[in-house]
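Have a look at the structure below, then the notes.
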Amino acid sequence: MAEIKSYDLDGLAGLLDSIGEPRYRAKQVARWLYAHGATCYDEMTDLPAQLRDNLAAKAPLTTPTVKTRRVSALDGTRKYLFRFSDGEAVESVGLPTRDRLTVCFSTQVGCAMGCSFCATGIGGFVRNLTAGEMVDQVRLVGEDFGIRVTNAVAMGQGEPFANYDATLGAVRIMNSSDGLGIGARHLTVSTCGILNGVARLSNEPEQFTLAVSLHSAVQNTRDKLMPGVKGALLPELRNTLEAYATKTGRRPSLEYAMIAGVNDTESELQALMDFASGLLVHVNLIPVNTVAGVGLSRSGPARAREFVSRLATVGVEASIRTERGSDIEAACGQLKQRIEAE
Ligand code: SAH
Ligand code: SF4
């Protein structure tokens with residue numbers, strides 16, 4: 001018996017249809033689940049009682065609980081550990097700025113890609129999240145802040161394109177006026193470079209934003225850092241990004257976590273300049289965040305600035321991502337699925 005939140009919008013319509021209900025009921029149910037955050041069918045007062053009972057018997061409705069919540073003293077970033085009905089848990093992060101609230105959500109419990117610098121990768125893969133489990137993270141963070149979520153990024157735990165359908169289902173609900181009403185361009189999916197996922201996204205009708213984690217434009221270095229995408233060679237990745245730009249006209253960002261002595265050397269910079277020049281991309285440089293048990297140190301700020309100015313010489317725009325929530329281990333790559341000591 002599938003939980004109601006495992007259905008995307010089309011799936012909800014199909015479910016309602018299969019029990020002889022008109023399709024508009026699906027919009028009503030979606031609104032109750034995501035726009036209003038109903039925690040049981042009885043709250044859905046404009047549905048006939050018989051339908052509510054029928055749905056309760058067919059598709060259980062559960063809501064994640066907040067196991068832990070930490071607030072950064074530095075910048076107001078909040079990190080949450082959400083626990084789902086089966087006991088599995090993921091972390092999500094709320095990043096407030098003056099006029100925005102961005103939520104970084106997880107797409108899987110753990111991750112199978114095994115990137116050497118990432119706490120999630122080190123923990124291994126547990127299971128995929130459903131569309132509703134992703135939307136609930138964003139919704140509940142917004143509720144906790146008491147303000148509207150303006151942006152959401154699939155940059156928490158997990159590889160979104162290893163769970164493509166549920167992730168797309170989730171961003172569609174986030175985008176929908178029956179869901180969270182977040183603009184498509186303000187919804188970003190970040191991939192370690194699963195090429196058929198990039199190609200599929202370019203064919204979706206919505207203007208969702210793409211981020212690709214590059215981390216090195218030298219094949220050997222990238223294979224060591226990101227063993228899960230060894231098979232996707234850099235020239236193919238570059239071709240895929242070119243095709244994406246031609247198809248969509250949109251500019252993806254290339255994520256690059258700078259690791260001292262590993263991917264910040266002169267030859268690495270040169271390779272990055274060669275890779276990115278002529279591509280419609282924006283390079284995001286992130287001084288690598290520390291992960292317990294991983295002996296990687298971050299590049300200094302001067303080196304990051306050097307990357308920005310050298311990339312500019314070949315017409316590539318780059319910026320240095322400001323670190324958020326580092327005092328509560330909420331920064332990129334620091335999210336773990338294990339429940340911390342409570
Ligand atoms: N699996 C997807 C999305 C989740 S990871 C991906 O890899 O793109 C979100 C971002 O955090 C990615 O760009 C990832 O490479 C980056 N990241 C992981 N570990 C990091 C670390 N220790 N320091 C800085 N960024 C890191
Ligand atoms: Fe998975 Fe992304 Fe972490 Fe790599 S960086 S292990 S793909 S979550």
Exercise for the section: Order Asp99, Asp327, Asp223, most accessible first, counting only protein heavy atoms with a 1.4 angstrom probe. Expected result: Asp99, Asp327, Asp223
Practice task
Would you work out which of Met155, Ala131, His36 lies farthest towards the positive end of the dipole of the chain, given +1 charges on the beta-carbon of Lys and Arg and -1 on that of Asp and Glu, about the Cα centre?
Solution key: Met155
Practice task
Mark the label point 7 Å from the Cα of Ala260 along Cα→Cβ and return the residues of segment 288-328 whose backbone N is within less than 18 Å of it.
Solution key: 288-307, 323
Problem - Ala292-Asp10 pseudo-label distance in nm [points 7 Å out on the Cα-to-Cβ vector] - result: 4.3 nm
Practice task
Mind checking which lysines have their Cα closer than 20 Å to the Cα of Lys79? Skip sequence neighbours fewer than 8 apart in that chain.
Solution key: Lys67, Lys336
Practice task
Identify all aspartates and glutamates with a Cα-Cα distance to Lys247 below 17 Å; exclude those on the same chain that are fewer than 8 residues away in sequence.
Solution key: Glu204, Glu206, Glu236
Completion exercise
Computed from the beta carbon distance with a Förster radius of 22 Å, FRET efficiency for His36 and Ala2 to the nearest 0.05 stands at 0.55
Exercise for the section: May I ask you to list the residues of segment 5-25 whose amide nitrogen lies under 19 Å from a point 7 Å from Cα along the Cα→beta-carbon direction of Gln50? Expected result: 15-25
Exercise for the section: Using only the alpha carbon atoms of the chain, find the Kirkwood hydrodynamic radius as the inverse mean reciprocal pair distance, in angstroms to one decimal. Expected result: 20.8 Å
Completion exercise
Taking a crude spin-label model, label points 7 Å out from Cα along the C-beta direction, the Ala112 to Ala57 distance in nm is 3.7 nm
Practice task
Just need the relative contact order of segment 4-58 here, percent rounded to a whole number, with Cα pairs under 8 Å and 6+ apart.
Solution key: 21 percent
Completion exercise
Of the convex hull enclosing the alpha-carbon atoms of segment 132-279, the direction-averaged projected area in nm² is 9.4 nm²
Exercise for the section: List the residues of segment 101-125 whose backbone N lies under 12 Å from a point placed 7 Å from the Cα of Val71 along the Cα-to-Cβ direction. Expected result: none
Exercise for the section: Sort the following peptides by mean Cβ neighbour count (other Cβ atoms within 10 Å, averaged over residues), highest first: 154-164, 283-293. Expected result: 154-164, 283-293
Practice task
Note down the relative contact order for the chain as a percent, whole number, built from C-alpha pairs under 8 angstrom at least six residues apart.
Solution key: 16 percent
Problem - Value of [θ]222 nm, deg cm²/dmol, for the chain, DSSP H segments ≥ 4, -39500 (n - 2.57) each, nearest 500 - result: -10000 deg cm²/dmol
Practice task
Among DSSP beta bridges lying fully in segment 209-342, give the percent that are antiparallel, nearest 5.
Solution key: 5 percent
Practice task
For Glu204 and Thr322, calculate 0.36 nm times their separation in residues minus their Cα-Cα distance, and state this gained length in nm to one decimal.
Solution key: 39.4 nm
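The values are calculated or read from the model by the stated rules, or taken from the named source; none is laboratory data. Please read these numbers as outputs of a predicted model, since none were measured by experiment. Here the Cβ is made from the backbone with ideal geometry for all residues, glycine too, and neighbour counts use every protein chain on show. Quick note on the areas: whole protein, heavy atoms, side chains included, nothing else; ligands and nucleic acids left out. Shrake-Rupley method; radii C 1.70, N 1.55, O 1.52, S 1.80 Å.
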